[in-house]
1. Mind jotting down the distance between the C-alpha centroids of the range 63-139 and the range 2-29, whole Å?
2. Spin-label point model (7 Å from Cα, Cβ direction): what's the Leu45 to Val114 distance in nm?
3. Rank these for me by crowding, Thr42, Thr91, going from fewest to most other beta carbons within 10 Å.
4. Can you give the helix-only mean residue ellipticity at 222 nm for the chain, where every DSSP H stretch with n ≥ 4 adds -39500 (n - 2.57) and the sum goes over all residues, rounded to the nearest 500 deg cm²/dmol?
5. Semi-axes of the chain's equivalent ellipsoid from the Cα gyration tensor, sqrt of 5 times each eigenvalue, largest first, rounded to whole Å?
6. Please arrange Leu62, Leu71 by counting, for each residue, the other beta carbons lying within 10 Å of its beta carbon, fewest first.
7. Only counting other Cβ atoms within 10 Å, I'd like Phe136, Phe85, Phe65 sorted with the fewest neighbours first.
8. Efficiency by 1/(1 + (r/R0)^6): what FRET value for Asp64 and Thr2, r their Cβ-Cβ distance, R0 = 30 Å, to the nearest 0.05?
Amino acid sequence: MTQRTLVLLKPDAVRRSQVGEIVRRIEAKGYALVALELRTATPELLAEHYAEHEGKPFYQPLVDFMLSGPLVAIVLEGERSIEGFRSLAGTTDPTGAAPGTIRGDLGRDWGLAVQQNLVHGSDSEESAAREIGIWFPNL
Ligand code: CMP
């Protein structure tokens, strides 16, 4: 079934000039770009986006990291694109992410309080609908 998913290229991806490389991988996989914008997050937006992580030890470092510079917000579309993008991204911890994935090829652990793992992808249809509504309310 055709799905839309929200992808964020986090501030580390922008700082490290990996935006083109990551978008290239998304396009090579064959997903359509429905929306793509360079944005700066706000505390309000992140409180909504990361509501499920509130109270976890990495929550504040995560919010601070996501506010540390511009990010790229993307909506992708394609058959089973939610699972497909998460497969392209690799596991959360970039140290163990498989080679061939975005995190496995481009990421590593920097010894910081939060995993700076380059990308975010919605984890279910419900999350995708919620997250697209947060980042692109007009879609
Ligand atoms: P993301 O998919 O954006 O969702 C939550 C983020 O928190 C995750 O990517 C990582 O950047 C970060 N994260 C998740 N688990 C941990 C953890 N155990 N320690 C540090 N950071 C984490």
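1. Cα centroid of the range 2-29 versus Cα centroid of the range 63-139: 8 Å apart.
2. Simple spin-label model gives 1.4 nm for this pair.
3. Ranking Thr42, Thr91 by Cβ neighbours within 10 Å, fewest first, gives Thr42, Thr91.
4. Result for the chain, helices only: -11000 deg cm²/dmol.
5. Numbers: eigenvalues 85, 70, 39 Å².
Largest first, the chain gives 21, 19, 14 Å.
6. Least to most surrounded, the residues fall as Leu62, Leu71.
7. Least crowded to most crowded, the residues run Phe136, Phe65, Phe85.
8. 0.25
All of the numbers you see were taken from the coordinates with simple rules; none came from a lab. Quantities reported herein were computed from a predicted structural model and do not represent experimental measurements. Note: ideal-geometry Cβ built from the backbone for every residue, glycine included; neighbour counts use all protein chains shown.
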